[in-house]
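The values are calculated or read from the model by the stated rules, or taken from the named source; none is laboratory data. No experiment lies behind these values; they were computed from the predicted model shown. In this analysis, Cβ positions are derived from the backbone assuming ideal geometry, glycine residues included, and neighbour counts consider all displayed protein chains. For accessibility, only protein heavy atoms count, side chains too; no ligands or nucleic acids. Shrake-Rupley method; radii C 1.70, N 1.55, O 1.52, S 1.80 Å.
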Amino acid sequence: MKASNMFAPTLREVPADAEIISHKLMLRAGMIRKTASGVYTYLPLAWRSIRKIEEIVRQEMDAKGGQEVLMPAVQPAEIWQESGRWNVYGAELWRVKDRNGRDFCLGPTHEEMISMIFRNDVRSYKQLPQLWYQIQTKYRDERRPRFGLMRSREFIMKDLYSFDLDEAGLDKSYNLMYDAYNRVFTRCGLNFRPVEADSGAIGGKGSHEFMALADAGESAILYCDTCDWAATDEIAGREPLPVEPEEMLPMEKVDTPSCGTVEDVAKFLSLPTNRIVKTMYYKADEQLVIVLVRGDRRINEIKLQSLLGCNELELADNASLSTGGQKVGYLGPVGVDKIKIYADNEVPLMYNVVVGANDGERHLLNVNYQRGDFRIDQTADLRYLEEGEQCPHCQGHVKLARGIEVGQIFKLHTKYSDSLHVNYTAEDGHERPVVMGCYGIGIGRTLAAVIEQSHDDDGIIWPMPVAPYQAVIIPVNDRETELVNTAENLYTELIAAGVEVVLDNRQERAGVKFKDADLIGYPVRITVGAKALARGNVEVRLRQNGEMQEVAVAEVKSWLQDYIAAEIAKCSIN
RNA sequence: CGGGAUGUAGCGCAGUUUGGUAGCGCAUCUGGUUUGGGACCAGAGGGCCGCAGGUUCGAAUCCUGUCAUCCCGACCA
């Protein structure tokens, strides 16, 4: 590619709406442009990198026996109604109507579609297992698109679906994908970590997320500083630690004026926050429930929602509380009889706790569940694990990091085969539901994650396997024909050798070309200048560390080929 | 969904308070000088001031509505 004709509109200034580094750099390097909120056009440089990531994904999927298909982005409402998700998915499902008013959606994912295909054409156990995948544009009408390709409404995603005879087959498929994902992200040059995860709206039990570690990440992950346990904050939890028994003191009601929060109460009573029990009213599908948690803990609404099995969960507003004369900040479980009470596992073990008195600005001291002071209908792990707590699996301690979710793998079991009646005929002649798994990779998000992890003040530093081009040749002065000719010849030779190289033949001063080269992030820069050329050399500079060396013109091709091969090898497994 | 902010040239912004017919930097084009880290001089082109309505002799500016974009929050009792 010659830069004079390359469409890479680099910017000196960043558009004001870019917030994180990868978004800014992709805009500045002329890789993407915004078309609407959360909808982007991929310009040539971004598209080249995207295709490289896709290719890595294809190779690793194929290596596990995956077969690529392409399904429609537009899906009829009927199949979503059949699975029940038309109503469950919520506002993020991008619904559209055709000219006749028929309902469709732009697919956020393709479980329904692929299940239909399977249902129509696969009958026998002899045809299993199957691993089908697709790479395509998907849609989620995000409540708040942000951070460029990181959280967009239209995005490119690889989804693979596995169909197995039984759980053992699913485990095998799942493990194949677990391995494939490690290979994919390693080959993309990412610093990542697989973590135990919640399966969310897609459903099913058993899931890992692949997290690229980055401060700009939207997910929090907890990991052990000693063993290799790691999980998202959404599901991380542990059994309560044993509590020292105490003498149960008589319950007492005290005035606690203007103490609206746990911190206020703790301060007012000179007690640590872990001696208090928080009482939270939630509205779960319009049903009021109470949730109790230790004062210094945070309720994990994802855990709560999956326990309650409700579609919508929100904290109750003041209006729905005031009926009983209760006051936010002074709520408690004592004396409550009509509302179901859920408690985090730690709560029933606690002695002499403080709770709201449900009586003006007062709290109750020395409340003991074990004495029967209040009722709990169900206990469960309902809180977030916090940094610094003991690891759930060893004596180590929990650390917190941020990550970008670039992939997730799920065991769906028979969730969709049951609702959509996806069966096969087993060896014994009976119909059985097929056991499914699904495995996603956010292609654009992976690209963003790479940049997020690999850049400096001047621009992007591409890992070789996903760089849009491997090298750039810069003749330093375009009036000197010897420089220009050498650069041209080198370019022709490298192209013939299969090197992905750009010749920056623009009528620009050297400084402009250097700045653009750094911004775009070509891994190797070949500078053709008079001084070195007098010695028969060109300068070769590495983007990743700025190292510069002279290489004889005749040696450049083999030098580059070696370097590229070595860099790609650095990002490979085995 | 709630709150806040912003929409003026491709990008970044000023002008709005106090209404008088639109400006700066970068980018673009032309000519010249320059040529190893975003050059300089001279000139030029480019804007329905988000959109719609209203007030006014006159609106980027005031009023109403609407759309879009961005940020923060989405309840810790």
Going from most exposed to least, what order do A:Met436, A:Met251 have by accessible area with a 1.4 Å probe? A:Met251, A:Met436
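Run lengths n ≥ 4 of DSSP H only: what is the helix-derived mean residue ellipticity at 222 nm for chain A, with -39500 (n - 2.57) per run over all residues, to the nearest 500?
Result for chain A: -8000 deg cm²/dmol, rounded to the nearest 500.
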Could you order A:Tyr178, A:Tyr469 by accessible surface area, starting with the largest, using a probe radius of 1.4 Å? A:Tyr178, A:Tyr469
Give a quick list of trypsin sites (Lys or Arg not before Pro) in the range A:101-168 that DSSP marks as loop, anything other than H, G, I, E or B, with at most 14 other Cβ atoms within 10 Å. A:Arg102, A:Arg123, A:Arg143
For A:Lys570, give me every one of the lysines with a C-alpha distance below 17 angstrom, ignoring sequence neighbours fewer than eight places off in its own chain. A:Lys52
Kindly write out, for the range A:105-117 in residue order, the coupling ³J(HN,Hα) from the Karplus curve 6.51 cos²θ - 1.76 cosθ + 1.60 (θ = phi - 60°), rounded to whole Hz, with x marking Gly and Pro. 9, 8, x, x, 5, 10, 4, 4, 4, 5, 5, 4, 5
Computed FRET value (nearest 0.05) for A:Leu349 with A:Ala497, which takes r as the C-beta separation and R₀ as 56 Å: 0.20
What is the extension gain from A:Thr35 to A:Ser124, computed as 0.36 nm multiplied by their sequence separation minus the C-alpha to C-alpha distance, in nm to one decimal? 27.4 nm
Accessible area of A:Val14 in the full protein assembly, 1.4 Å probe (Å², nearest 10): 60
How many angstrom lie between the Cα centre of the range A:333-398 and the Cα centre of the range A:27-50? 50
Considering only Cα-Cα distances, which of the following residue pairs are longer than 29 Å: A:Lys172/A:Lys415; A:Lys138/A:Lys303; A:Lys340/A:Lys399; A:Lys97/A:Lys158; A:Lys126/A:Lys303? A:Lys340/A:Lys399; A:Lys126/A:Lys303
In debye, nearest 20, what is the charge dipole magnitude of chain A about its Cα centre with +1 on Lys and Arg Cβ and -1 on Asp and Glu Cβ, if you could check? 1400
Per the 1.4 Å probe, what fraction of the accessible area of chain A, in percent, lies on carbon and sulfur atoms? 47
Between A:Asp458 and A:Asp171, Cβ-based FRET efficiency (R0 41 Å, step 0.05) works out to 0.30
Using only the Cα atoms of chain A, construct the convex hull and provide its projected area averaged over every direction, in square nanometres to one decimal. 34.0
A:Arg151 long-range amide H proximity, modeled H, under 5 Å: A:Arg146
So, counting K/R as plus one and D/E as minus one, what does the shell of residues with Cβ under 15 Å around A:Pro250 add up to? -2
How much of the calculated P(r) for the range A:252-380 lies past 21 Å, in percent of all Cα pairs? 34
What number comes out for the charge environment of A:Asp62, summing +1 per Lys or Arg and -1 per Asp or Glu over other residues with Cβ under 11 Å away? -1
Given a Förster distance of 41 Å, report the FRET efficiency between A:Asn311 and A:Ser572 from their Cβ-Cβ distance, rounded to the nearest 0.05. 0.40
Normalised per residue, the volume of the convex hull around the Cα set of the range A:56-204 (Å³): 141
